[in-house]
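Working notes, beginning with the structure itself.
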Amino acid sequence: MARFYIENFGCRATQADGAALERQFLERGMERAEAALDAEIVVLNTCTVTAGADKDARASIRRLQRSNPGCRILVTGCYAQRAPQEIAALPGVTWVVGNSHKHQAAEIATSSFSSPIPSAVASSSSSSFVPLGELSLIQFSTGNDRVFEDRTYENQDRHVIVGDIFAHTELLAAPVFEAANERTRPNLKVQDGCDNRCSFCIIPYVRGQSRSLPQERVVAEVQTLVDAGYHEVVISGINLGRWGRDLVVGRQSLVASELQPFSSSNPSETESNPERPPTNDLRLVDLIRAILERTSLQKLRISSVEPMDWSDELIELAANSERIAKHAHVPMQSGSDAVLRRMHRKYRPWHYREKIEKIRMAMPTAAIGADVMVGFPGETEAEFDETRRMIEDLPFTYLHVFTYSARPGTPAAEQPGQVPAVVARERNRVLREIASRKKEVFMRSLVGTVVEAITLRTGGEVFTEALTDNYLKMKVIGKYGANCWMHVNVEDVNGEMLLGHLGAS
């Protein structure tokens, strides 16, 4: 039996896609290998949000060539969608499959090696093969589906299969777990794509328009996980707060029990009506209520939600339900109004401040985190200082600080005033130090209190690792089984972790 191995890069959405890819291969009768070294087919599910992400993928391809030269390498994901020619030029790559055809990756890879492009894929193409040189970002947003084959390399086994991502409505959905030995907190992607056009972001061009997993399908997936014994589920998406905006009346009732990759419309619908369907009134808060009302899930965690989507209704629901983890991740990017405008973000600093203050007032002990970018083109010392002061003022408990990375094809990459790398790195360090201090203050404020925590894995005879409801790592004294919620008395702070012992239930 042929064996496969999937290596995922990047965000939770990519990890979730990887889980769906694994499901595809297993359903086609393949066996999962324990390591890439042991696999006949290796799938690299890539990210392209930064230049570093691209570099990591290329390095992994080179390592595979050295360690397992006989394997077939299929590269998919966001990097594959953005720069297929670049990847196809790397030695050892057999297939490059864009996000546009990721839902057919297993079919492509498991077909006869002598004809790697199966007829089902070729027939979905609306044109014949064209040279890779004709592929561009313009085609991603305006062209038809195409299957691209490289006719210029001596190795004719290399195939590039990339289509117009904006013409596709597929949404891969399968639960993914935090880590190989931490199968306690499955993550379910319920939304993909993005309709925003932030000037620095390549994601809309490689993931396409916003599309939602129907409510019935989400509820069914969550209850399946509950029935399998899981006590916490994380819902996520590329732009999670936009869940439901693309669904039309009746569509959310489709395939409630089917666990195959979901397509919200068939090709004939797309061809006959290329316009987006009218939206209804479904919102993220409706999905959350449905999960709470129609499943027996013990704890639901909401991943990143943009500030404009933290409605008063959502904040109130999260605050008042004991079954929703007290955790709000609200991307910020910058505290400077001028920078936010150049980024094409849809809120102003005062809007953001108001949301964070409302969340903290409603949930006094909640984890509140943010994504922050430094070194955006034209960012002056004064603009950076606005961001620094805003971070110091607001009740964050952690930050994800990123240094701007120019992405080819995005407006920001062409903007003047690119910040020198040494300056951007220093700004990154300053914000990370502030974040570290804030996190320590938050952790110490919990000493002497009782927190909810879910056990992750045993750390030996002395303690058990856990994660609190408000997103802090913890050592619980004693040996306990994984995947159990418990009340823990917080006794101390031990480095980056809380230390405590089992309290009264």
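The values are calculated or read from the model by the stated rules, or taken from the named source; none is laboratory data. These numbers come from a predicted model, not from an experiment. Counting neighbours? That spans all protein chains shown, and the Cβs are built from the backbone with ideal geometry, glycine included. For accessibility, only protein heavy atoms count, side chains too; no ligands or nucleic acids. Shrake-Rupley method; radii C 1.70, N 1.55, O 1.52, S 1.80 Å.
E491 to H231: FRET efficiency via 1/(1 + (r/R0)^6), r the Cβ-Cβ distance, R0 25 Å, to the nearest 0.05?
So the FRET efficiency works out to roughly 0.55.
Can you pull out the GluC sites (Glu not before Pro) in the range 395-472 whose DSSP state is coil and whose Cβ has at most 10 other Cβ atoms within 10 Å?
Values: sites: E414, E426, E433, E440, E452, E461, E465; in loops: E461.
Within the range 395-472, the qualifying GluC sites (Glu not before Pro) (loop, at most 10 other Cβ atoms within 10 Å) are E461.
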Check: In whole angstrom, how far apart do the alpha carbon centroids of the range 70-84 and the range 1-32 sit?
Finding: 14 Å
Notebook entry, point to check: Between their Cα atoms, which of K326/K355; K189/K326; K55/K475 are more than 27 Å away from each other?
Noted result: K55/K475
Checklist line | GluC sites (Glu not before Pro) within the range 296-399: DSSP coil, no more than 16 neighbouring Cβ in 10 Å | finding: E322
Check: Rounded to the nearest whole Å², what accessible area per residue is found for the range 401-505 with the 1.4 Å probe?
Finding: 51 Å²
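When the chain is fully extended, how far beyond the present Cα-Cα distance does N196 get from R457, taking 0.36 nm per residue of separation? Show your work: numbers first, answer last.
Values: separation 261, 0.36 × 261 = 93.96 nm, distance 3.88 nm.
The N196-R457 span can extend by a further 90.1 nm.
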Margin query: Only sites in a loop by DSSP and with at most 16 other Cβ atoms within 10 Å count here; which trypsin sites (Lys or Arg not before Pro) in the range 412-483 make the cut?
Written below: K479
Next item on the list: Keeping the other protein chains in place, figure out the carbon and sulfur percent of the accessible area of the range 58-115, with a 1.4 Å probe.
Entry: 49 percent
Next item on the list: Kindly write out, for the range 296-302 in residue order, the coupling ³J(HN,Hα) from the Karplus curve 6.51 cos²θ - 1.76 cosθ + 1.60 (θ = phi - 60°), rounded to whole Hz, with x marking Gly and Pro.
Entry: 9, 4, 6, 8, 10, 10, 9
Next item on the list: Would you mind telling me the share, in percent, of accessible area of the range 309-431 contributed by carbon and sulfur at probe 1.4 angstrom?
Entry: 55 percent
Notebook entry, point to check: According to a simple spin-label model (label point 7 Å from Cα along Cα-to-Cβ), what is the distance in nm between V447 and H351?
Noted result: 4.1 nm
Next item on the list: Tell me the label-point distance for the pair C484, A413, using the 7 Å Cα-to-Cβ offset, in nm and rounded to one decimal.
Entry: 5.2 nm
